[in-house]
1. Does segment A:122-137 hold any residues that are touching a Cys at 6+ places or on another chain (Cβ under 9 Å) and farther than 17 Å from residue A:86 by Cα, and which are they?
2. Sort through B:20, B:50, B:72 and tell me the only one that's surrounded by 15 or more Cβ atoms within 10 Å (Cβ to Cβ), away from chain A (no Cβ under 11 Å) and free of Cβ contacts under 8 Å to residues at least 40 places away in the same chain.
3. Given the structure, is residue B:86 in contact with a His (Cβ under 7 Å, 6 or more places away or on another chain), within 9 Å of chain A (Cβ to nearest Cβ) and within 28 Å of residue B:20 (Cβ to Cβ)?
4. Taking residue A:121 as meeting all but one of (1) closer than 26 Å to residue B:125 by Cβ; (2) among the aliphatic types (A, V, I, L, M); (3) at pLDDT below 95, write down the number of the exception.
5. Out of A:142, A:183, A:136, which single residue is surrounded by fewer than 16 Cβ atoms within 10 Å (Cβ to Cβ) and either of a type in the set (Gly, Ala, Ser) or closer than 24 Å to residue B:175 by Cα (or both)?
6. Can you tell me which residue within segment A:124-166, out of those that are over 21 Å from residue B:94 (Cβ atoms) and of a type in the set (Gly, Ala, Ser), is modelled with the lowest pLDDT?
7. Among the residues of segment B:21-35, write down those that are farther than 11 Å from residue B:2 by Cβ and small (Gly, Ala, Ser).
8. Scan (1) over 22 Å from residue B:173 (Cα atoms); (2) under 16 Å from the mean Cα position of the chain (by Cα); (3) of a type in the set (Phe, Trp, Tyr) for the single condition residue B:60 breaks and write down its number.
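The values are calculated or read from the model by the stated rules, or taken from the named source; none is laboratory data. These numbers come from a predicted model, not from an experiment. Quick reminder, even Gly has a Cβ in these numbers, built from the backbone with ideal geometry, and neighbours come from all protein chains shown.
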Protein chains: 2
Amino acid sequence: MLEKLREHIKKIVPLTDEEFAFVRAHFTIEKYKKREFLIQHGERVKYSYFVVSGLIMLVYDDDSGRQHIVSFAMEDWWESDFLAYFNQTKATMSLQCLEDTAVLCLSLEDYEKLCAGLPKMTYFFLKKANGGHIGSQQRILSFLTSNAKERYEQLLTRYPSLFQRVPKTLLAAYLGVSRETLSRLWRPS
Amino acid sequence: MLEKLREHIKKIVPLTDEEFAFVRAHFTIEKYKKREFLIQHGERVKYSYFVVSGLIMLVYDDDSGRQHIVSFAMEDWWESDFLAYFNQTKATMSLQCLEDTAVLCLSLEDYEKLCAGLPKMTYFFLKKANGGHIGSQQRILSFLTSNAKERYEQLLTRYPSLFQRVPKTLLAAYLGVSRETLSRLWRPS
């Protein structure tokens, strides 16, 4: 599990064995079953998660009980309710498993210790944060410029495997369309 | 102008005089008139911009010539077509002044030199990138969960000064609604 983290970090910054020993000491391993929650809405957010295997989703439940999916995260992705994580406030979203999932957990305290102890890791997190910011900007753009059909096709092109792994109801909640609209767009090949 | 940058950085990391001398050497000052472009769609993106004074907007023009506003940026904000900036590709968006604007410009080469030469600056950029990522996630959430009226009210609460400084047509292009819909929501006090 920890080797996957090392491979992942190495794509941005190479680490010596000694440096990686320092890094790994800040993570804990957790395994969750399908449907279990890593973060529950209203609770304190303890960790940012690196997904080693499996699939999780970041969900916002509105006042009327409708689910909205902010993002899916699979292998090699980082996910959390980042607003609550960085501000140490209570979660406004939930993070739930769509498959059995293994994650590496990093507390904010340990995140800060990694940054302070190893500038290479600050740079690594910077690259990931910039990537996250860019990805979110692209999604905002897709909401502004694309209709449901186009957003569906963009998702299909970018992450084809999601269509095998995620129920249609949840894809609809990610795209911001009704289940019925999605069914009209859905043409299994 | 450069003192504003120092004050801005100091909120996250304190810098010695010597460190700030190193930082400032990486920036250039530019002044633009209202309606001028900092970034033109289709051209190379040279800089990330720190807004010292004024107001700029990041705009996407779709194939039918309709304008969509991804973000507004005013004093103390950083803005660019970040996808094109970090990947050194051509701009898919434009960055245009809504007021006479003064900016500090940072090339990607100098951004990387600042990170390599002063780990404190990597940490500073990390905090800004995390903030940008969180802000974008909140905006995605507002598209998923809120109707036009709610998005309008969120914007009014969060950035009241925008309503004095930005024409209504552009606020509509930011909120993803028609000018007519915005006019129905608009109740000047």
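1. Scanning segment A:122-137 gives a single hit, A:123.
2. None of the other options fit; the residue is B:20.
3. No; evaluated as a whole, the condition is false for this residue.
4. It fails just one condition, (3).
5. A:183
6. A:148
7. Answer for segment B:21-35, where residues must be farther than 11 Å from residue B:2 by Cβ and small (Gly, Ala, Ser): there is none.
8. (1)
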